[in-house]
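**Q** One structure follows; several queries about it will come next.
The values are calculated or read from the model by the stated rules, or taken from the named source; none is laboratory data. Quick caveat, the model's predicted, so the values are computed rather than measured. Using ideal geometry, Cβ is built from the backbone for each residue, glycine included, and neighbour counts are taken over all protein chains shown. Each accessible area value is taken on the protein alone, full model and side chains, heavy atoms only, with ligands, DNA and RNA left out. Shrake-Rupley method; radii C 1.70, N 1.55, O 1.52, S 1.80 Å.
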Amino acid sequence: MNRVILKYALGALAMGWLGLAAAAPAVGEAQKQPLNVHAIVMFFIFVLATLGITYWAAKRTKSASDYYAAGGGITGTQNGLAIAGDYMSAATLLGLTSMTYFQGFDGYIYCICFYVGWPFIMFIMAERLRNLGKFTFADITSYRLDQRQVRTVAAIGSLTVVVFYLIAQMVGAGQLIKLLFGMEYWMAVVIVGVLMVIYVTFGGMIATTWVQIIKACLLLGGGTLVMLLAFSRFGFSLEELASQAVANSKKGMALMAPGAFLSDPVTAVSLSLGLMFGTAGLPHILMRFFTVPNAKEARKSVFIATLCVGFFFTVVALMGLSAITIVGTNPQYFEGGDLAGKLIGGGNMPAMHLAHAVGGNLMLGFLSAVAFATILAVVAGLALAGASAISHDLYANVIRQGQATETEEVRVSKVSSLFLGVLAVLLGIAFEKQNVAFMVGLAFGVAASCNFPVLILSMYWKGLTTRGAIWGSIAGLVSAVLIVVLSKAVWVTVLGNEKPIFPYEQPAIFSMPIAFLMAWLGSVTDTSARAAREKEAYEDQYVRAQTGFGAAGAAAH
Amino acid sequence: MSTAVYERIRKNPKFDELVRKRSRFAWTLTAIVLGIYFIFIMVVAFNPMLLATPIWEGGKASIAWPIGAGMILLFWLMTGLYIRRANGEFDDINSEIIKGAVE
């Protein structure tokens, strides 16, 4: 049976999304566990604390700027923790620990690929995003282009990313909670949905940010504590840790070198591109850049986020490596006490078993509660990004053409988040038995191919016109979705066909160039008077992007 | 109101200086990060056993781990290097330019 898990881990590694949708491989394996009292009590405390924050935030949320961007009043350090929180999901904790547990160094390579996008965001994007943006990233792409057209496609791109990502998180949450808390699947999904809607509608960005900050601290603290307790069993010696892992794993010395990770270079490069540029195109991450008062703080937040993410990935790799010896040689954690058999709870459980092994039921309960809190924080950020795309882009600027009052706009946003919450719960329940790993792939693929190319071109290329932006977005969206649908992940696994039509599952390496090419082609062949005006308007935009003069500042309180 | 100010900022030679300096710095750092990352991925793809070299003679722990951690640390320090200059030197020139244009 161990072979089956290994095969699964390898398959997921090739698919690349284990780190993100790690809860998904648990689909079908997640048996309900006995009620975990420690976990439930600690989770209850977390929920009470976050509801308290939401109440406090609701009183401070008066204007649209408060609602969408926390009034620009978040500091760089706070925002850095929140960005890191958006990036470190429960799936990162469970999936990457499990990958190091089964694959050794390959798990750490995956972490590095996942990490390298951050310096890039710092050097190339952070200050321009802050200087040009207001509430959503469409504020930037439509800055000098046709508001209605460009915002419409940007909103479609955002909502596609948000909905797929939400479904994956919901299904993951349901499975994970069933497993860790011993709760019914549908109950877990409903609880996540209800709390998400409460945070977003009442507390807006202020509450969402603080929930994310608390969760990031809990996740970093909890992970570090488990890692230190585990590492102390090896006397904090890397050599001791490594030699015992090699002795206790069937993979032996293969743990210590890259293995299957790049056996398929096209997939690996495509995955790397998708992770790197997908991050820079995720609407809920981009929104975070508008919550700080200026470019200085925006840079500081990327600095802090990069530190937290890099540190956390290293902690997770050490946890996985320790678990090989601590969990892998303890029959208590295997079904029927058979060391050659399956891990109890499935292949994503090494982190949880490790917590139990080093800190007993209390630590297991704590880490479970942190995992649940993590999911809540991530879905809240997603829901806010989706609701903003509907209210700020579609309603206020496309339908009402900028004539809506702030009160109307925020009201529409609250109704939209309620609608997204209901949709997420229904889809979460509908997809219970499906393998949803491909949905996170799709979300990142669309973010990298539909949102990112037009965003970066609008900031860096004078020649971009409305027509180019529309062509680029649509080409990126369609090609990314088509590639995923025709690949094995959907065509064979979900739709039950025999052979995939398209051989690769990672769209980025194909769909990103298509999007850039179409954006370029659409722009250079555009000789209309409007296109000429748009190119001329780049001058002012360029000065604002560089200096921050005229940027949406901290709201007047 | 702002177009005139933007025009004045644009005409200030200091603006060109700021943009040139900051862009060159940002792109140099980007090139270094991508270069190191690319070399690492190439080693992983074409000579993975190089990374299996033990840290201590006769030991099991391979150099792969400290190299990975070293990359993460280095990239983070480089973001630190960037904000040091951007939030200090560059932002000083920036506020000077804006002050000059608004008056």
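**Q** With charges only on Cβ, +1 for K and R and -1 for D and E, what is the dipole size of segment B:2-102 about its Cα centre, in debye, rounded to 20?
**A** I would put it at about 300 debye.
**Q** Cα to Cα, under 26 Å, and not fewer than 8 places away if on the same chain: which lysines meet these conditions relative to B:K60?
**A** A:K7, A:K250, A:K251
**Q** Quick one: compute the contact order of segment A:2-547, relative version, from alpha carbon pairs under 8 angstrom and 6+ residues apart, as a percent.
**A** Normalised by residue count, the contact order of segment A:2-547 is 29 percent.
**Q** For segment A:2-547, report the translational diffusion coefficient in µm²/s to the nearest whole number, using Stokes-Einstein at 4 °C, 1.567 mPa s, and a Kirkwood Rh over Cα pairs.
**A** Value of D from the Cα-based Kirkwood radius: 55 µm²/s.
**Q** Next up: Picking from A:M439, B:A31, A:T314, whose Cα lies most toward the positive end of the charge dipole for the protein assembly as shown (charges on Cβ: Lys, Arg +1; Asp, Glu -1)?
**A** Checked the options; the winner is B:A31.
**Q** For A:K414, give me every one of the lysines with a C-alpha distance below 19 angstrom, ignoring sequence neighbours fewer than eight places off in its own chain.
**A** A:K59, A:K62, A:K134
**Q** Keeping every protein chain in place, order A:M253, A:M196 by accessible area at 1.4 Å, biggest value first, i.e. largest first.
**A** On the way: A:M253 85, A:M196 0 Å².
The residues order as A:M253, A:M196, largest area first.
**Q** Let me ask another. Hey, can you find the accessible area per residue of segment B:2-102 for me, probe 1.4 Å, expressed in square angstrom? Before the final figure, lay out the partial values.
**A** Working: 5340 Å² over 101 residues.
That works out to 53 Å² for each residue.
**Q** Rank A:I140, A:A91, A:A373 by how far each Cα sits towards the positive end of the charge dipole of the protein assembly as shown (+1 on Lys, Arg Cβ; -1 on Asp, Glu Cβ) and give me just the farthest.
**A** A:I140
**Q** If a helix is a whole DSSP H run, which ones in chain A reach 24 Å or further along their own axis (Cα) and hold a mean Kyte-Doolittle hydropathy of at least 1.6?
**A** Passing helices, by number: A:185-232, A:466-486.
**Q** Would you work out which of A:Q332, A:V454, A:L362 lies farthest towards the positive end of the dipole of chain A, given +1 charges on the beta-carbon of Lys and Arg and -1 on that of Asp and Glu, about the Cα centre?
**A** Result: A:V454.
**Q** Now a separate question. For segment A:467-557, which GluC sites (Glu not before Pro) are in a loop by DSSP, counting at most 15 other Cβ atoms within 10 Å?
**A** Here the GluC sites (Glu not before Pro) that fit, given the DSSP loop and packing criteria, are A:E498.
**Q** Gap in Å between the Cα centre of segment A:229-294 and the Cα centre of segment A:340-382?
**A** Measuring centre to centre over Cα atoms gives 18 Å.
**Q** May I pose another question? Return the long-range amide H neighbours of B:I63 (sequence gap of 5 or more, or a different chain), with a cut-off of under 5 Å between placed amide H atoms.
**A** B:T53, B:I55
**Q** Check A:F334: other-chain or 5+ apart residues with amide H under 5 Å from its amide H, H built from backbone geometry?
**A** Those lying under 5 Å, H to H, from A:F334 are A:I344.
**Q** Show A:I501, A:I177 ordered by accessible area, largest first, where the area counts protein heavy atoms only and the probe is 1.4 Å.
**A** A:I501, A:I177
**Q** May I ask for the angle, rounded to the nearest 10°, between helix B:2-11 and the longest principal axis of chain B, with both axes built from Cα atoms and the value confined to 0 to 90°?
**A** Here the helix axis deviates by roughly 70 degrees.
**Q** When the Karplus curve 6.51 cos²θ - 1.76 cosθ + 1.60 is applied with θ = phi - 60°, which whole-Hz ³J(HN,Hα) does each residue of segment B:33-38 get, with x for Gly and Pro?
**A** Per-residue couplings from phi come out as 4, 5, x, 5, 4, 5 Hz.
**Q** Please arrange A:H356, A:H284 by accessible surface area, largest first, computed with a 1.4 Å probe and ligands excluded.
**A** Values: A:H356 45, A:H284 5 Å².
From most exposed to least exposed: A:H356, A:H284.
**Q** Okay, moving on. To the nearest 20 debye, what is the magnitude of the charge dipole of chain A about its Cα centre, counting +1 on the Cβ of each Lys and Arg and -1 on the Cβ of each Asp and Glu?
**A** About 520 debye.
**Q** Follow-up. Give the Rg/Rh ratio for segment A:34-123, taking Rg as the radius of gyration of the Cα atoms and Rh as the Kirkwood radius, to two decimals.
**A** Here the Rg-to-Rh quotient is 1.10.
**Q** Compute the Cα gyration tensor for chain B, then decide on rounded, prolate or oblate, letting a ≥ b ≥ c be the square roots of its eigenvalues: rounded whenever a/c is under 1.5, prolate when a/b is larger than b/c in the other cases, and oblate in all that remain.
**A** prolate
**Q** Cα to Cα, under 16 Å, and not fewer than 8 places away if on the same chain: which aspartates and glutamates meet these conditions relative to A:K296?
**A** A:E127, B:E89, B:D91, B:D92, B:E96
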